[in-house]
Amino acid sequence: MNIFVLNCGSSSVKYKLYDMKNEKVLADGRVERIGQDNAVITHQPAGRDKVSKTMPILEHTTAIRESLNLLTHPEHGVLKSVEEIDAVGHRVVHGGESFSDSVLINERTKDILDSLASLAPLHNPANVTGIRAAEKIMPNVPQVAVFDTAFHSTIPPYAFLYAIPYSVYQRHKVRRYGFHGTSHKYVSQRAAELMGRDIADLKIISCHLGNGASIAAVHGGKSVDTSMGFTPLEGLMMGTRSGDIDPGAIFYIMKQEQLNLHEIDSMLNKHSGLYGIAGVSDMRDIERDIANDDKLAKLAYEMYEYRIRKYVGAYVAAMNGVDAIVFTAGIGENTPSLRTALCANLSYLGIEIDEEKNKIRGEDVEISTPDSKVKVFVIPTDEELVIARDTMKIV
Amino acid sequence: MDIRRVAVLGAGRLGRGIAECAASKGYDVVLFSQGAGGQDALRRIEKSLDRKLAKWAITESEKRLILGRISYTLDLKELSKADLLVEATIDHFYTKQELLRTADHLCRPEVVFLSTTSTLRVSELARGINRTDLLVGLHFIPPVPNVPVAELVRGSQTDERAVEIAKQFATRLGKQVVEIHESPGLVNPRTLLALVNEAAYLIDEGVCNAQQADKIIRESWGMSQGPLEMADRLGLDLVLNWMEQMQDAFGQRYAPCPLIRRYVRERRLGVKTRLGFLAYTDDDALKTDSESEQEGKRED
């Protein structure tokens, strides 16, 4: 079975084609700058040279059609025709309370997705545009929506509710939803496989540390809490996002700086986090600046690590223990020093790190020593594979 | 038709605001200005973006992206590349009609024209051009990037398709579009002018000074600026021009207060001359009440 996975943003489309017999990636690629004359399409057939071209691509239907043209291209393609695609899996950021699992897309699904646009205005409308575009091109191919929020639908009400008037939840569905669900699901399942144990018996803390970052407490294979909340702004310190902040400080800042809603929203989402403290948002730049004795870079790094440590501690308490901690995504996978610093501060859990293994990159690796009471893993995330698996399961 | 390139005629406060707003929503914008104001317009747009940057509303890279989408030219032939035209020049009937006529010859025939006029009738402006059905009145309210509403009027021959394009454009710029009937002054300018005129009379009669009038109105009605500051930011010469046109249309109740005439005569025009009803810094910021009062008295 061939499954075409699509991740549509407002001006980009990322795609991956899987042969699900052996979960092999046949090709992947991306279209960027949709809406412009100089859109760029990059296509990578497995084991062959990458192809890139610049052309006018004004909307998503054309972007997907061009991707399919490359997938069926006589020279760069991996399929004879589009007919060989058995199903399409779409990444959809927000499923609200309506979707607790991946679903087959029909008219009703699309209506509900339209109604959820206000919960994720930057992402959901683009996801739905991608769904409609793919349907137009492949009307007879089943389409499946896989939600970033769905994995967290098992979080109990005492953890997902905010302590504000209950009527606000009832009227506007303001609650913790959590994000990066497909990633937390993938790496926690993979950790259980690597431990050779049934995930139903495990307590896992999964740390997805990318430009956006979140932690999830996964008990028995189910998410029981996560650091991102109603929006992806809550929780850990991130590249440019503040993470947790006293709401009272927000009102005070707005008053003192005479800021409107858009300005404070932009400040917390785009000017804060590592960038807000150190002036750079990339962890590699932070490490470079620390090497040059930059005090603010060092402070940002310490704050970043401390916030993760606090959440790990909280989730150990939430689950009454932990069997494994998993690191994934850009920073989680590629910053050994951060893992060392963090785990050194978690020695009360009996965690010991093998520094040699901690240096390995690009593969699934257990970085804890055999004596460590809690296993620690680095597992490169594969959200597209989760989407492909869910899609196969549904069709 | 897919709209990507927007031509903005006029590089005053309204034109600059529309250009900045359109560019920040992804449109390529060509700003046209007769005279030397164009380069200054780009500089002022950059200044406006810098103010946003200082308030964390945008990032450095967003600022560069927005500026990169705006170009300026004196060459009206560039209009042939536009997908949509926004006319944002001063409300002088013959000047505006002449400019629209020129644009009518240069733009592709299917291009919709939006006029920001607030005191002239769209139906009358449309008489001078061939595309009578493609002219829509769309009044953006300055400061355009911050005001989330726009007034739309159709002329007697305006086509539904053109209205739809105007609505889509304004909506993409983040404006709620309110369609009203064609009438000089529309809703915003007409009510603002009445308020400004009455406040001017209060000052002229010695009931209060400009700071006091603005503070009471602003704070009691929850406005971000008082009407006198708004008038200063529009330019008192423009305000007077509007009032005279409104007086032509509606009679004595819009007769400008003599104080406004005096200020315009003395070139006390508002922000652009640093002094109007109130006083302003070189960065266009409102001076404090006491500074403003001192400067006002000195000039009086």
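The values are calculated or read from the model by the stated rules, or taken from the named source; none is laboratory data. Quantities reported herein were computed from a predicted structural model and do not represent experimental measurements. Heads up, the Cβs are rebuilt from the backbone with ideal geometry, glycines too, and the neighbour counts pull from every protein chain shown.
List of remarks:
- Selection status of A:TYR315, touching a residue at least 24 places away in the same chain (Cβ under 8 Å), out of contact with any Lys or Arg (no Cβ under 8 Å at 6 or more places or on another chain) and either under 30 Å from B:MET223 (Cβ atoms) or within 14 Å of chain B (Cβ to nearest Cβ) (or both): no
- For the range B:55-89, the set of residues classified as among the acidic types (Asp, Glu), within 14 Å of another protein chain (Cβ to nearest Cβ) and buried (at least 16 other Cβ atoms within 10 Å of the Cβ) consists of B:GLU62, B:ASP83, listed by residue number.
- Within the range A:175-198, tally of residues that are assigned to a helix (DSSP H, G or I), surrounded by fewer than 24 Cβ atoms within 10 Å (Cβ to Cβ) and touching a residue at least 24 places away in the same chain (Cβ under 8 Å): 5
- Top-ranked residue in the range B:23-40 [being assigned to a loop (DSSP other than H, G, I, E, B) and away from chain A (no Cβ under 14 Å); ranked as farthest from B:LEU134 (Cα to Cα)]: B:ALA36
- When restricted to residues that are assigned to a loop (DSSP other than H, G, I, E, B), hydroxyl-bearing (Ser, Thr, Tyr), modelled with pLDDT of 95 or more and within 17 Å of A:GLU97 (Cβ to Cβ), the range A:216-236 contains 0.
- Among the residues of this structure, A:GLU234 does not count as one that is touching a Leu at 6+ places or on another chain (Cβ under 6 Å) and away from chain B (no Cβ under 14 Å).
- A:GLY29 being of a type in the set (Gly, Ala, Ser), part of a strand (DSSP E or B) and either crowded, with 21+ Cβ neighbours inside 10 Å or within 14 Å of chain B (Cβ to nearest Cβ) (or both): yes
- Test: residue in the range A:374-395 that is farther than 24 Å from A:TYR301 by Cα, part of a loop (DSSP other than H, G, I, E, B) and out of contact with any Asp or Glu (no Cβ under 9 Å at 6 or more places or on another chain): yes
- Only residues that are without any contact (Cβ under 8 Å) to a residue 60 or more places away in the chain and assigned to a helix (DSSP H, G or I) were counted in the range A:133-152, giving 2.
- Filter result (surrounded by fewer than 18 Cβ atoms within 10 Å (Cβ to Cβ), part of a helix (DSSP H, G or I) and within 20 Å of the chain's Cα centre (by Cα)) within the range A:272-302: A:ARG284
- Test: residue in the range A:304-327 that is surrounded by 19 or more Cβ atoms within 10 Å (Cβ to Cβ), aromatic (Phe, Trp, Tyr) and assigned to a strand (DSSP E or B): yes
- Every condition in (1) part of a helix (DSSP H, G or I); (2) touching a Leu at 6+ places or on another chain (Cβ under 7 Å) is met by B:ARG268 except one, and the failing one is (1).
- The requirement of being outside any strand (DSSP E or B) and away from every other protein chain (no Cβ under 14 Å) is satisfied by B:GLU20.
- Selection status of A:ALA249, within 28 Å of A:TYR158 (Cα to Cα) and either assigned to a helix (DSSP H, G or I) or within 14 Å of chain B (Cβ to nearest Cβ) (or both): yes
- Of all residues in the range B:62-86, those satisfying the criterion of being touching a residue at least 60 places away in the same chain (Cβ under 8 Å) and either more than 23 Å from B:CYS107 (Cβ to Cβ) or of a type outside the set (Ser, Thr, Tyr) (or both) are B:GLU78, B:LEU79, B:LYS81, B:ALA82, B:ASP83, B:LEU84, B:LEU85, B:VAL86.
- Restricting attention to the range A:328-337 and to residues that are part of a helix (DSSP H, G or I) and of a type in the set (S, T, N, Q), the residue that is surrounded by the most Cβ atoms within 10 Å (Cβ to Cβ) turns out to be A:ASN334.
- Members of the range B:66-98 that are closer than 18 Å to A:ASP37 by Cβ and assigned to a loop (DSSP other than H, G, I, E, B): B:ARG69, B:ALA82, B:ASP83
- Selection from the range B:30-61 of residues that are touching a residue at least 40 places away in the same chain (Cβ under 8 Å) and more than 17 Å from B:PRO143 (Cβ to Cβ): B:VAL30, B:PHE32, B:SER33, B:GLN34
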